[in-house]
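Heads up, the thing below is written out as structure tokens.
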Amino acid sequence: MVAAEPEGFICGSGQLLERGRGVRFTVQRQGSVTPAFVIRFEGQVHAYLNVCSHRSLELDWNEGEFFAVFGDELLCATHGARYAPASGHCVGGPCRRAGLVKLAVVEIDGGIYLDSKDDVHLAKQKE
Ligand code: FES
């Protein structure tokens with residue numbers, strides 16, 4: 001059995017600093033193109049649809065700015081929903097226990113790739 005290869009390159013590992021600016025990209029999922037982002041937290045990379053569970057708006061207040069001021073939570077700029085960076089679970093604000101949709105990503109040889117599980121494919125990398 002041959003292991004599935006990672007589908008799409010998102011960015012280089014060096015672009016994601018610990019609790020720093022995230023990298024935005026888009027995915028093809030369930031017939032539509034949806035914004036997404038990847039961040040680094042406690043050394044690991046985590047990716048989510050960039051869709052707040054409160055009102056389906058993008059989270060970042062400036063492009064790529066997802067972390068709250070202390071770097072311990074992801075924050076939606078619109079009404080302040082707060083999410084755990086490693087799980088996407090709602091930890092406060094109007095998300096009311098509804099978390100972010102997590103995407104499978106892998107970090108290999110200095111690159112971060114979307115794993116095409118769950119019928120999610122890289123649509124186009126955002127500049
Ligand atoms: S749209 Fe994100 S908190 Fe309301």
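For this structure, a couple of remarks:
- Among the candidates 21, 55, the residue that is assigned to a loop (DSSP other than H, G, I, E, B), closer than 26 Å to residue 109 by Cβ, open to solvent by 70 Å² or more (accessible area, probe 1.4 Å) and not hydroxyl-bearing (Ser, Thr, Tyr) is uniquely 21.
- Residue that is nearest to residue 21 (Cα to Cα) [pool: residues in the range 63-75 that are within 13 Å of the ligand (Cβ to nearest atom) and part of a loop (DSSP other than H, G, I, E, B)]: 66
- Scanning the range 76-89 for residues that are open to solvent by 30 Å² or more (accessible area, probe 1.4 Å) and either within 13 Å of the ligand (Cβ to nearest atom) or not in a loop (DSSP other than H, G, I, E, B) (or both) returns 77, 78, 79, 82.
- Among (1) among the charged types (D, E, K, R); (2) farther than 20 Å from residue 122 by Cβ; (3) at pLDDT 95 or above, the one test that residue 63 misses: (2)
- Sole exception among (1) open to solvent by less than 40 Å² (accessible area, probe 1.4 Å); (2) away from the ligand (no atom under 11 Å from the Cβ); (3) among the aliphatic types (A, V, I, L, M) for residue 101, by number: (1)
- Picking from residues in the range 60-75 that are among the hydrophobic types (A, V, I, L, M, F, W, C) and surrounded by 13 or more Cβ atoms within 10 Å (Cβ to Cβ), the one that is nearest to residue 26 (Cα to Cα) is 66.
- Cβ-Cβ distances below 7 Å connect the following pairs, each with a first residue in the range 72-91 that is at positive phi, a second residue that is open to solvent by 10 Å² or more (accessible area, probe 1.4 Å), and a separation of six or more residues or different chains: 80/93; 88/99; 88/100; 88/102.
- Against the test of being closer than 18 Å to residue 120 by Cα, in contact with a His (Cβ under 9 Å, 6 or more places away or on another chain) and touching a residue at least 12 places away in the same chain (Cβ under 8 Å), the options 49, 103 yield a single qualifying residue, 103.
- Of the residues screened, residue 44 is not one that is under 18 Å from residue 119 (Cα atoms) and loosely packed, with under 14 Cβ neighbours inside 10 Å.
- When residue 111 is tested against the conditions (1) touching a residue at least 40 places away in the same chain (Cβ under 8 Å); (2) away from the ligand (no atom under 16 Å from the Cβ); (3) more than 21 Å from residue 27 (Cα to Cα); (4) more than 13 Å from the chain's Cα centre (by Cα), the lone failure is (3).
- Flag for residue 33 being in contact (Cβ under 8 Å) with a residue 12 or more places away in the chain, open to solvent by less than 40 Å² (accessible area, probe 1.4 Å) and assigned to a strand (DSSP E or B): no
The values are calculated or read from the model by the stated rules, or taken from the named source; none is laboratory data. These numbers were taken from a predicted model, which means no experiment stands behind them. Using ideal geometry, Cβ is built from the backbone for each residue, glycine included, and neighbour counts are taken over all protein chains shown. The accessibility values were calculated without ligands, DNA or RNA, using every heavy atom of the protein model including side chains. Shrake-Rupley method; radii C 1.70, N 1.55, O 1.52, S 1.80 Å.
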